[in-house]
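Inspection log for the structure reproduced underneath, given as structure tokens.
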Amino acid sequence: MEFNEKLQELRKSKGLTQEELAELFGVSCTAVSKWEKGNTLPDVLMLCAIADWFGITTDALLGRKKELKKLVVIAGE
């Protein structure tokens, strides 16, 4: 499940409208709508605040899997 789907699921599970969620986090309703449509993402600090408010990790909020992929950095490229 991707961020936009997870946010919508969490919001609805708390019985909140997009307007109410926007007010909680001090953003516009348009911002929440764009997040839920998958058009944009909140900034990093907002992601942390959203995850904290819903009592989940940012990894869970972002839909990250438990498997960690190694990032290989090749010097000089």
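The values are calculated or read from the model by the stated rules, or taken from the named source; none is laboratory data. Worth saying up front: this structure is predicted, and the values here are computed from it rather than measured. So basically every Cβ, Gly included, is an ideal-geometry build from the backbone, and we count neighbours across all protein chains shown. Remember, those area values only see protein heavy atoms, side chains included, never the ligands or the DNA or RNA. Shrake-Rupley method; radii C 1.70, N 1.55, O 1.52, S 1.80 Å.
Things worth noting here:
- Gain upon complete extension [R64, S33; 0.36 nm per residue less C-alpha separation]: 9.0 nm
- Extension gain, T17 back to C48 (0.36 nm per residue minus Cα-Cα distance, nm): 9.1 nm
- Peptides 41-49, 4-12, ordered by how many other C-beta atoms sit within 10 Å of their residues on average, highest first, read 4-12, 41-49.
- Against the criterion of solvent-accessible heavy-atom surface with a 1.4 angstrom probe, I56, I50 sort, most first, into I56, I50.
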